[in-house]
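Scroll down for the structure; my scribbles are underneath it.
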Amino acid sequence: MNPRAAPLPAAHRPAPARVGAASRQPPRRARRGGRPAGRAPGFTRDTILAAATRQFAARGYAGAGVDRIAREAGVNKAMIYYHFASKAGLYRAILRELFEPAGDQARAILARPCVPEEKLDALVAMIAGRVFARPELPPIMMREIAEGARHLDPQMLGAMSALYRSIASVVEEGRRGGRFEVVPPLLVYFTLIGPLILFVGGAPVRRAMSRLRVAGDWDCDADAFGAHLQRVLRRLLMPPAAQPPAARRPRAGHSGRKP
C-alpha cells in the first residue's frame, strides 16, 4: 500500500488564482505586413489622406516624401503601403477624393428639371464651394500645371474632366434652347476654373498685400466671389435682354468664410 503523498512545503505551493488575472493580456503589437491590431482601418486611412494632402499641396509630388507624410499622420510608413500600395497610389487616392464626389454632384445638378441658367448657377456654386472647402486643391493643381501633368494618369484625367463635361452639357442645352449664345464650352469652363483656382490658391499673397496696406481692397469672402463668377458666366452666355436685373443677382450657395 503506497503511503499518502506528503503536502508540499508552503514555499512551493502554487499561488491561488486571482479573479480577472486570466483576462490580463500583454499589449497587442502591430501585425507584420498589416495594420496595427485594434486600430480602425478607416480612421488610419483618412488620417494618412489628410496629412498627405497637406504635404502634396505644400511641397509638391517630389517633395512630399513617404517618411514625411508618415510623421505628420503619426503612423508607421508601412501603413501607407498597406492602404495605398505606393506613393503614386496615395496621390491618386487624394485626387479621387477631391474630384469624384464633385462629378457625382454635377450629374445630379444636370438631372434637375430647371432651365439651363439655373443649372449653371448651381454648378458654379457647387464647384466654388468645394474649392473653398478644400484649399489644398489649388496648390496641387498649380503644381501639376507647372510640372506638365506628369503625375496624372488617364483615370485621374477622366475624373477631373467630369466637371468640364457637366459645364459643356449645360452650355449645349442652353444653346439648343436659344437661351445661350454660341460660346465654346472650353472657354466657359476656364472662365470659371481659372479665376477660382488663382483666387483660392493666391490667398497667402492677398493676405500679405492686406498686411502691407497697399492700394486696393484685397479682401473678398467666398459668397461674394462665387456670386461674381455666376454673374460673369451669365453675361458671357446669355443675350443682354435675357440677363436678370441687378436686384436678382444669383447668390452662391456655399459658406461665406474667408480663405
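The values are calculated or read from the model by the stated rules, or taken from the named source; none is laboratory data. As the structure is a computational prediction, the values presented were derived from the model and not from experiment. Every residue, glycine among them, receives a Cβ derived from its backbone with ideal geometry; neighbour counts consider all protein chains shown.
Condition (residue is more than 25 Å from Phe99 (Cβ to Cβ) and of a type in the set (A, V, I, L, M)) applied to the stretch 217-231: is it met by at least one residue? Scanning the stretch 217-231 turns up at least one residue that is more than 25 Å from Phe99 (Cβ to Cβ) and of a type in the set (A, V, I, L, M). Would you check which residues across the stretch 151-184 are hydrophobic (A, V, I, L, M, F, W, C) and in contact (Cβ under 8 Å) with a residue 60 or more places away in the chain and list them? Matches in the stretch 151-184: Met156, Ala159, Met160, Ala162, Leu163, Val170, Val171, Phe180.
For the stretch 180-203, the condition holds for at least one residue, the condition being that it is within 24 Å of Gly63 (Cα to Cα), at pLDDT below 90 and hydrophobic (A, V, I, L, M, F, W, C).
Every residue, every condition in (1) part of a helix (DSSP H, G or I); (2) farther than 22 Å from Leu152 by Cβ; (3) modelled with pLDDT of 95 or more, yes or no:
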{"position": "Val75", "(1), (2), (3)": "no, yes, no"}
{"position": "Ala78", "(1), (2), (3)": "yes, yes, no"}
{"position": "Arg92", "(1), (2), (3)": "yes, no, no"}
{"position": "Glu97", "(1), (2), (3)": "yes, no, no"}
{"position": "Pro101", "(1), (2), (3)": "yes, no, no"}
{"position": "Ala106", "(1), (2), (3)": "yes, no, yes"}
{"position": "Ile109", "(1), (2), (3)": "yes, yes, yes"}
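Quick grid of which residues meet (1) more than 24 Å from Phe199 (Cα to Cα); (2) buried (at least 16 other Cβ atoms within 10 Å of the Cβ):
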residue: Asn76; (1), (2): yes, no
residue: Leu90; (1), (2): yes, yes
residue: Leu95; (1), (2): no, yes
residue: Arg112; (1), (2): yes, no
residue: Pro116; (1), (2): yes, yes
residue: Leu120; (1), (2): no, yes
residue: Val124; (1), (2): no, yes
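On the stretch given as the stretch 55-67, residues that are of a type outside the set (A, V, I, L, M) and crowded, with 16+ Cβ neighbours inside 10 Å total 4.
In the stretch 86-98, the condition of being in the same structural domain as Glu172 (by TED's automatic domain parsing) and under 30 Å from Arg176 (Cβ atoms) is met by no residue.
Here Met160 fulfils each of the conditions (1) at pLDDT 95 or above; (2) closer than 30 Å to Gln55 by Cα apart from (1). Where the second residue is not in a helix (DSSP H, G or I) and not basic (Lys, Arg) and the first is more than 15 Å from Ala57 (Cβ to Cβ) and lies in the stretch 90-103, which pairs have Cβ atoms under 8 Å and are six or more apart or on separate chains? Partner pairs satisfying both residue conditions: Arg92/Asp153. Scanning the stretch 80-90 for residues that are assigned to a helix (DSSP H, G or I) and of a type outside the set (D, E, K, R) yields Ile80, Tyr81, Tyr82, His83, Phe84, Ala88, Gly89, Leu90.
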